[in-house]
Amino acid sequence: MPRHIACLSFDFDTWSGFAARGMTTPTPVSRGEFGVVGAGRILKLLKQRGLTSSWYIPGVVIETYPEACAAVVEGGHEVGHHGYSHVQPAWLEAAREADEFGRAMDCIAKLTGGKPAGYRSPAWDLSDRTIDLIAQHGLRYDSSMMGHDCSPYFARRGDVVAADAPMQFGETTDLVEIPISWSLDDHPHFEFVRGKTEVLPGLSNANAVLENWLADFEYMQRSEEWGALVYTFHPYVIGRGHRMLMLEKLIDTLTQRGAVFLTLDELQREYRARVGRPA
């Protein structure tokens, strides 16, 4: 019987993503801090719709806004690992990446009373060590890569890639990869960012983005007997008024179209039950 899944995921970064890029002056900090306001709006909407979701929270945010993060847990939502700072692992030296990974694990344990099931890389940019770190800490899935649009798969480790030679495939691991896409992420569509050398225009029409996101779900329904789409939101982005209306429409339309809403942990469990161990 056909089964089509929608996962609502929220990267609760507040100002940590700006700080990771050296933007620590008052305005970008306040812009990120609006995420606390947005998180409250999102949690209220999810409660009204009877939905649980997955939240990825950097350790520095957990320590800065403990009450806002506790509200996520109290709402019954999954809390996943999202680094300690929001500096992407590909930019970190090995010792610092390992240290930050462990610090974030401690923050989540204090917040939830347990360890997370899954990991999502800040800025979706893993290092060649990250998969090993995830496995060493006993996590069950990653959601940072883009090798499919609507099906999980088992992640590899140890690929060798060079511009001037065929790729050498590494070992397939027991870590479930739950793929994401920039096209299903609110940030590049909506956020205007002006740096010293570049501009991210953002500020797209929310209804046009909604049309794209629903079309991806429609295509999955047409082409796959079983599939899952992961939508990624940032509370300081989606929490603005007209975008909250878009989020309501997305949830309600997906519900009307028969979507099954799961957390990413629930999805990885279902995927394992369907396919067994990696080949």
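The values are calculated or read from the model by the stated rules, or taken from the named source; none is laboratory data. Just so it is clear, the structure is predicted and the values come from calculations on it, not from any experiment. Don't worry about glycine lacking a Cβ; one is built from the backbone with ideal geometry, like all the others, and counts go over all protein chains shown. Protein only, heavy atoms only, side chains kept; ligands, DNA and RNA dropped before computing areas. Shrake-Rupley method; radii C 1.70, N 1.55, O 1.52, S 1.80 Å.
Values computed for the structure shown
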{"item": "Filter result for the condition that a residue is in contact with a Pro (Cβ under 9 Å, 6 or more places away or on another chain), on the phi < 0 side of the Ramachandran plot and of a type outside the set (D, E, K, R), over Ser151, Ser183", "result": "Ser151"}
{"item": "Filter pass, Val73 being part of a helix (DSSP H, G or I), touching an Asp or Glu at 6+ places or on another chain (Cβ under 9 Å) and of a type in the set (A, V, I, L, M)", "result": "no"}
{"item": "Test: residue in the stretch 127-147 that is of a type in the set (A, V, I, L, M), open to solvent by less than 80 Å² (accessible area, probe 1.4 Å) and more than 20 Å from the chain's Cα centre (by Cα)", "result": "no"}
{"item": "Selection count, the stretch 171-192, where residues are surrounded by fewer than 17 Cβ atoms within 10 Å (Cβ to Cβ), under 23 Å from Ala208 (Cβ atoms) and in contact with a strand residue (DSSP E or B) (Cβ under 6 Å, 6 or more places away or on another chain)", "result": "0"}
{"item": "Boolean, Ala117 is out of contact with any helix residue (DSSP H, G or I) (no Cβ under 9 Å at 6 or more places or on another chain), open to solvent by less than 50 Å² (accessible area, probe 1.4 Å) and at pLDDT 95 or above", "result": "no"}
{"item": "Helices (runs of 4 or more DSSP H) enclosed by the stretch 205-258 - at least 3 residues per element that are farther than 30 Å from Ala71 by Cα and free of Cβ contacts under 8 Å to residues at least 12 places away in the same chain", "result": "206-223"}
{"item": "The stretch 182-203, residues that are at pLDDT below 95 and among the polar types (S, T, N, Q)", "result": "Thr197"}
{"item": "Residue ID - most open to solvent (accessible area, probe 1.4 Å), chosen from residues in the stretch 53-67 that are in contact with a helix residue (DSSP H, G or I) (Cβ under 7 Å, 6 or more places away or on another chain) and in a helix (DSSP H, G or I)", "result": "Glu63"}
{"item": "Tally, over the stretch 148-204, of residues that are part of a loop (DSSP other than H, G, I, E, B), under 21 Å from Leu247 (Cβ atoms) and among the hydroxyl-bearing types (Ser, Thr, Tyr)", "result": "2"}
{"item": "Condition broken by Gly32, with the remaining ones in (1) over 19 Å from the mean Cα position of the chain (by Cα); (2) farther than 29 Å from Phe217 by Cα satisfied", "result": "(1)"}
{"item": "Test result for Gln168, touching a strand residue (DSSP E or B) at 6+ places or on another chain (Cβ under 8 Å), of a type in the set (S, T, N, Q), under 30 Å from Gln136 (Cα atoms) and open to solvent by 50 Å² or more (accessible area, probe 1.4 Å)", "result": "yes"}
{"item": "Search result, residues across the stretch 76-101 that are of a type in the set (Gly, Ala, Ser) and either part of a loop (DSSP other than H, G, I, E, B) or touching a residue at least 12 places away in the same chain (Cβ under 8 Å) (or both)", "result": "Gly76, Gly80, Gly83, Ser85, Ala90, Ala94, Ala98"}
{"item": "Subset of the stretch 259-271 (residues that are in a helix (DSSP H, G or I) and either open to solvent by less than 20 Å² (accessible area, probe 1.4 Å) or hydrophobic (A, V, I, L, M, F, W, C) (or both))", "result": "Leu264, Leu267, Gln268"}
{"item": "Residues of the stretch 8-52 satisfying the condition of being under 25 Å from Leu250 (Cβ atoms), crowded, with 18+ Cβ neighbours inside 10 Å and of a type in the set (Phe, Trp, Tyr)", "result": "Phe10, Phe12"}
{"item": "Subset of the stretch 102-147 [charged (D, E, K, R), assigned to a loop (DSSP other than H, G, I, E, B) and either touching a Cys at 6+ places or on another chain (Cβ under 9 Å) or within 21 Å of Ala90 (Cβ to Cβ) (or both)]", "result": "Arg120, Asp125, Asp128, Arg129"}
